[in-house]
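Just so it is clear, none of the values below were taken in a lab; they were calculated from the coordinates. This structure is a prediction, so every number in the text was calculated from the model and none was measured. Positions of Cβ are generated from backbone atoms using ideal geometry, with glycine treated the same way; all protein chains shown enter the neighbour counts.
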């Protein structure tokens, strides 16, 4: 399994540094009893908004004003014959499913050459994990690409 990207979480040192230099702050939600809840989020310095749990985003002007970046990290990798598929998915998929779990889900569909069914199975598995672990379900989007590398 080769991860093709890194999650851009606000508490990664490089990401947090950029947010803070742009006048934002990084901390979890403050609960009713004064305790911190959930993941680190990006906030305006003196307001509890936008509360974004990632440090890269497209089209969020408010978050961009405090250092959330639209700029992607770009990697160039050479495909090898052992590379069989690529899964592009939103954070709602990766929250509870590891690369290894995704590979186990995709493989039977890869053998049958059914990328759409593989993507549907990933979405179902992610939704089930959210139901088991939380009271809400985050955005779950998935694209599955099967490769033929020679």
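Each pair of Cα atoms in segment 85-146 enters the Kirkwood radius, and Stokes-Einstein at 20 °C and 1.002 mPa s then converts it into a translational diffusion coefficient of 188 µm²/s.
Modelled spin labels at residue 98 and residue 113, positioned 7 Å past Cα toward Cβ, are 3.2 nm from each other.
Per-residue Cβ neighbour counts within 10 Å put 107, 94 in the sequence 107, 94, beginning with the fewest. A Gaussian network model of the chain, with springs between Cα atoms under 10 Å, assigns the largest mean-square fluctuation among 126, 101, 118 to 101.
Segment 1-77 gives an Rg/Rh value of 1.02, both radii derived from C-alpha positions and Rh following Kirkwood. Mind checking the angle between helix 115-133 and the chain's longest principal axis? C-alpha axes, 0 to 90 degrees, to the nearest 10. Orientation of helix 115-133: about 40 degrees from the principal axis. If the segment from residue 79 to residue 136 were pulled out straight at 0.36 nm per residue, it would be longer than the present Cα-Cα gap by 16.8 nm.
Note on the chain: semi-axes of the ellipsoid equivalent to its C-alpha gyration tensor, largest first and rounded to whole Å, are 33, 19, 11. Listed from fewest to most Cβ neighbours within 10 Å, the set 26, 19, 42, 74 follows the order 74, 26, 19, 42. Starting from the Cα of residue 14, step 7 Å along the direction of its Cβ; do the same at residue 91; then give the gap between the two resulting points in nm. With each label placed 7 Å out from Cα toward Cβ, I get 1.8 nm.
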